[in-house]
1. Those residues that are out of contact with any strand residue (DSSP E or B) (no Cβ under 6 Å at 6 or more places or on another chain) and either assigned to a helix (DSSP H, G or I) or exposed (fewer than 15 other Cβ atoms within 10 Å of the Cβ) (or both), I need them from region 135-153; list them, please.
2. Which residues, taken from region 66-76, are in a helix (DSSP H, G or I) and open to solvent by 50 Å² or more (accessible area, probe 1.4 Å)?
3. Residue by residue through region 77-124, note down the ones that are within 21 Å of His161 (Cβ to Cβ), surrounded by fewer than 19 Cβ atoms within 10 Å (Cβ to Cβ) and among the polar types (S, T, N, Q).
4. Given the criterion of a type in the set (Ser, Thr, Tyr) and at pLDDT 95 or above, identify the matching residue among Thr122, Thr168.
5. For region 1-41, how many residues meet the condition of being assigned to a helix (DSSP H, G or I) and either touching a residue at least 40 places away in the same chain (Cβ under 8 Å) or surrounded by fewer than 15 Cβ atoms within 10 Å (Cβ to Cβ) (or both)?
6. Only residues that are of a type outside the set (Gly, Ala, Ser) and either closer than 14 Å to Leu21 by Cα or in contact with a Lys or Arg (Cβ under 7 Å, 6 or more places away or on another chain) (or both): list them for region 97-116, please.
Amino acid sequence: MAQPLEHRFDALVFDCDGVILDSATLKRSAFADFYRDEPEPLRQAIHAYLARGGGQPRDVKFHHIEAHILGRPISEARIRELSRAFAEHIESRVADAPMLPGAHEFLKRWRGRRPLFLLSATPQAELRRVIEQRGLSELFDDVLGAPPDKVNGLRNLIERHGFAAARTVMIGDSYNDYRAARSNGTHFVGILADDTGHSPFPSDSVTLPDLGDLEAGLERLSTAE
């Protein structure tokens, strides 16, 4: 008799923006708004960086844009101010963002069957406010934001709970999510919610457009071992 699917994994770990909430594009646009008065070549460079920079804490993104794209002298005070202004600009908009198809249904089906975690690059206090406001807190065993970064956040989660990395799954929409999974030896399912046809993941990755068929994606992971 085949082993029930949930018995093949210790835990499922979800990114938030672009996986649970349809807010990844919203956040990229909000970052770009800070630099809408820059010359066109710089705006294009910022857009290109943001398109590939998902899953990173916002202070890391602002630091890169300010120092490496705009060539400005930076300070911790400047990065903190940008991050504070971004939080004021975006939090209520993320709280109103729709959920990705299948996300709520999957979480409700799997709650209590396997530990479910939310792991995001959003600052933890802000993340928890949004998830609480959405009435989603009870669907997760824990809601974890930045700091630390995704690689260390996933490592800390696995070690704290004693999960086997090879029986843990990271579900994310960015290369940084994939990198966190690869660095920690966990499985990975990539979510490609936009319609560009571009995938930031290796060609052999299990990918889905949303969480509507996540069970099928997990089956593909478990049979590929």
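The values are calculated or read from the model by the stated rules, or taken from the named source; none is laboratory data. Just so it is clear, the structure is predicted and the values come from calculations on it, not from any experiment. Because the Cβ atoms are built from the backbone with ideal geometry, glycine has one as well, and the counts that use them run over all protein chains shown. These area figures cover heavy atoms from the full protein model, side chains too; ligands, DNA and RNA do not enter into them. Shrake-Rupley method; radii C 1.70, N 1.55, O 1.52, S 1.80 Å.
1. Correct list: Gly135, Ser137, Glu138, Pro147, Pro148, Lys150, Val151, Asn152.
2. Within region 66-76, His68, Glu76 meet the criteria.
3. If the condition is that a residue be within 21 Å of His161 (Cβ to Cβ), surrounded by fewer than 19 Cβ atoms within 10 Å (Cβ to Cβ) and among the polar types (S, T, N, Q), then Gln124 is the only one that fits.
4. That would be Thr168, the only listed residue that is of a type in the set (Ser, Thr, Tyr) and at pLDDT 95 or above.
5. Residues in region 1-41 being assigned to a helix (DSSP H, G or I) and either touching a residue at least 40 places away in the same chain (Cβ under 8 Å) or surrounded by fewer than 15 Cβ atoms within 10 Å (Cβ to Cβ) (or both): 14 in total.
6. Scanning region 97-116 gives Pro98, Met99, Leu100, Pro101, His104, Glu105, Phe106, Leu107.
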